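Colleague: My questions will all concern the structure given below.
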Amino acid sequence: MMTTPLHFRADAKLTEVLSARRFTLSAEVIPPRNGTEQAKVLSQIETLIGAGAEFLAVTKGAGGSLRGGSLPIAQLIKERYSVPCIAHFTCRDLTAPEVENQLMDHHYFGIRNILALRGDPPDGQPDWKPRDGGYSYAYELIRQIRDLNEGRYLPRPGGPTADGAERTDFCIGAAVYPELPDEKQRIAFFKAKVEAGAEYGITDMLFDSEAYARFLDLCAKNGVNVPVLPGTRLLKTQKQARRMAEKFRVSVPADVLSGLPPEDSPDAVARGVELFMRLVERLRRLGAPGIHLFVISDTGGATAALTGLRQNHAGGGSGRA
């Protein structure tokens, strides 16, 4: 028997969604490359929502590509499909005034959920540095968003006085890196983001439930008490798993690798879904508030994963935000 996904207000904050649901199902889409067909991402969005995604996130591209479309696609998801959406916001190439102007665009469009990121350095530029007046770290961006929520804008001639400024109402999220090699940096970076104003976290690519457990322990020991949503994807072959591990510098447990076929095969999806379900169950037992699927270009795999979760009652709970 399939569970019925809950329906949340399109402008619901992610913190409301997570508190109303015992375990959320969500997915992350990437805008099409500039100049390519838009219909594909719209079809992908419809498919993911139909498969059970209760909210979506829209990235700014990976590897420093910073492709366009994130804000309008997030607005379209909210307005056309009536589901909450997280808009990724990167500050890598922006000054503080440019950050404020772009955040006002999000505010006017009614985008409430922001994942605040510094952004990847451009591919091939390991020595990248921010522009003068820009930010080196995501917590600086988070602090600026929190200031806007509290009615504190950058000083401008003719701007509103502090008591007359309209407050924004963003729900601020931050990226989490449970397998960052330096354990002290692992928690220090996230703690700085939370202290700056982050209200939830989403991990980078995660396949190891023990890495998630260790990170939650670090959070508890350091007084960091915000929900951390694990992000992952369906693995179909050993070759793909090794590629993901190398690309994202994360671990893939030996039992996962041994359970996958070496190369693509007729039963690859079924075996991948079985292993995916085991991972999700472990994460649920550890207290994960949901599962966040990185779709990348594999809509079929994400759909199979979402469908498997619904069929196994992974979306239990009730309530409305």
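Colleague: Just to be sure before I move on: is ILE114 assigned to a strand (DSSP E or B), in contact with a Cys (Cβ under 9 Å, 6 or more places away or on another chain) and not aromatic (Phe, Trp, Tyr) in the structure I sent?
Modeller: yes
Colleague: Could you tell me which residue of the stretch 233-277 is least open to solvent (accessible area, probe 1.4 Å), considering only residues that are farther than 25 Å from GLY290 by Cβ, in contact with a Lys or Arg (Cβ under 9 Å, 6 or more places away or on another chain) and not in a loop (DSSP other than H, G, I, E, B)?
Modeller: ALA268
Colleague: Quick check on the stretch 68-99: of everything there that is buried (at least 18 other Cβ atoms within 10 Å of the Cβ) and of a type in the set (D, E, K, R), which residue is modelled with the highest pLDDT?
Modeller: LYS78
Colleague: Counting only residues that are of a type in the set (Asp, Glu) and within 27 Å of the chain's Cα centre (by Cα), which one in the stretch 241-271 is nearest to GLU183 (Cα to Cα)?
Modeller: Among those residues, the one meeting the criterion is GLU246.
Colleague: Out of (1) assigned to a loop (DSSP other than H, G, I, E, B); (2) touching a residue at least 40 places away in the same chain (Cβ under 8 Å); (3) over 23 Å from the mean Cα position of the chain (by Cα), what's the single condition that is false for LYS129?
Modeller: (2)
Colleague: One residue is enough: does the stretch 88-110 have a residue meeting the conditions in contact with a Gly (Cβ under 9 Å, 6 or more places away or on another chain), hydrophobic (A, V, I, L, M, F, W, C) and assigned to a loop (DSSP other than H, G, I, E, B)?
Modeller: Yes, the stretch 88-110 contains at least one residue that is in contact with a Gly (Cβ under 9 Å, 6 or more places away or on another chain), hydrophobic (A, V, I, L, M, F, W, C) and assigned to a loop (DSSP other than H, G, I, E, B).
Colleague: Does any residue in the stretch 69-90 that is closer than 13 Å to PRO32 by Cα come within less than 9 Å, Cβ to Cβ, of a residue that is open to solvent by 20 Å² or more (accessible area, probe 1.4 Å) and of a type in the set (A, V, I, L, M) six or more places away or on a different chain, and which pairs are these?
Modeller: Between residues of the stretch 69-90 that are closer than 13 Å to PRO32 by Cα and residues that are open to solvent by 20 Å² or more (accessible area, probe 1.4 Å) and of a type in the set (A, V, I, L, M), the close pairs are ILE73/LEU42.
Colleague: Related question: Report whether or not LEU234 is touching an Asp or Glu at 6+ places or on another chain (Cβ under 8 Å) and at pLDDT below 95.
Modeller: Spelling it out, it is not the case that LEU234 is touching an Asp or Glu at 6+ places or on another chain (Cβ under 8 Å) and at pLDDT below 95.
Colleague: Check off (1) touching a Phe, Trp or Tyr at 6+ places or on another chain (Cβ under 9 Å); (2) free of Cβ contacts under 8 Å to residues at least 60 places away in the same chain; (3) open to solvent by less than 20 Å² (accessible area, probe 1.4 Å); (4) under 21 Å from THR15 (Cα atoms) for ASN113 and give me the number that stays unchecked.
Modeller: (2)
Colleague: Do any residues in the stretch 234-257 that are free of Cβ contacts under 8 Å to residues at least 24 places away in the same chain have Cβ atoms under 6 Å from those of residues that are open to solvent by less than 70 Å² (accessible area, probe 1.4 Å), where the two are at least six apart or on different chains, and which pairs are they?
Modeller: These pairs meet every condition: LEU257/GLN238; LEU257/ALA241.
The values are calculated or read from the model by the stated rules, or taken from the named source; none is laboratory data. On a predicted model such as this, the values are computed, not experimentally measured, just so you know. No Cβ is skipped: glycine too gets one built from the backbone with ideal geometry, and neighbour counts run over all protein chains shown. Side chains are part of the model used for accessible areas, which takes the heavy atoms of the whole protein and leaves out ligands, DNA and RNA. Shrake-Rupley method; radii C 1.70, N 1.55, O 1.52, S 1.80 Å.
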